[in-house]
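Reviewing the structure listed below.
Just so it is clear, none of the values below were taken in a lab; they were calculated from the coordinates. Source: prediction; values computed, not measured. All Cβ positions, glycine included, derive from the backbone under ideal geometry; neighbour counts span all protein chains shown.
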Amino acid sequence: MTDSPTDARLGSEADLPFDYYTCKASQAFDQWFGCLTVGKQMSSYYRYGEKAGCGKHWKKLQLCMAVKVRSEESGKALMREYREAEAHKRNSLPNVLDVWTKRE
């Protein structure tokens, strides 16, 4: 595995944002808890007919807690794997360019 991320928008390690290898547990907790609120659940039920799944927020909170208890190198490796997986998932989803053709 290489040390550089697979996201094509980011070049080398020097081009990464300063918080690329960090994870804020308080922010992840707020997102997870916000997903569990009655308002969010009712909105989801009204719009989609089912309750909102908060699994991705819970997994992010678990990731942040895991990064906090590991050594710096191990935490960076864990965050790098997470960011690469997110970039791969984002790039593999359908894109608007798959539907529309560019006019000339």
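What to note about this one:
- Here Leu16 and Trp58 are evaluated by their C-beta separation; at R0 = 35 Å the FRET efficiency comes out at 0.85.
- Positive contributions from Lys and Arg (+1) and negative ones from Asp and Glu (-1), summed over other residues with Cβ under 11 Å from the Cβ of Tyr82, come out at +3.
- Ratio Rg/Rh, restricted to region 39-104 and using Cα atoms, in which Rh is the Kirkwood radius: 1.17
- Gaussian network model of the chain, Cα within-10 Å springs - most flexible of Ser26, Ser74, Ser92: Ser92
- Low-density loop positions, GluC sites (Glu not before Pro), region 18-92 - DSSP coil, at most 13 other Cβ in 10 Å: Glu50
- Using a Gaussian network model of the chain in which every pair of alpha carbons under 10 angstrom is joined by a spring, one finds that among Gly49, Gly34, Gly75 the greatest mean-square fluctuation is at Gly49.
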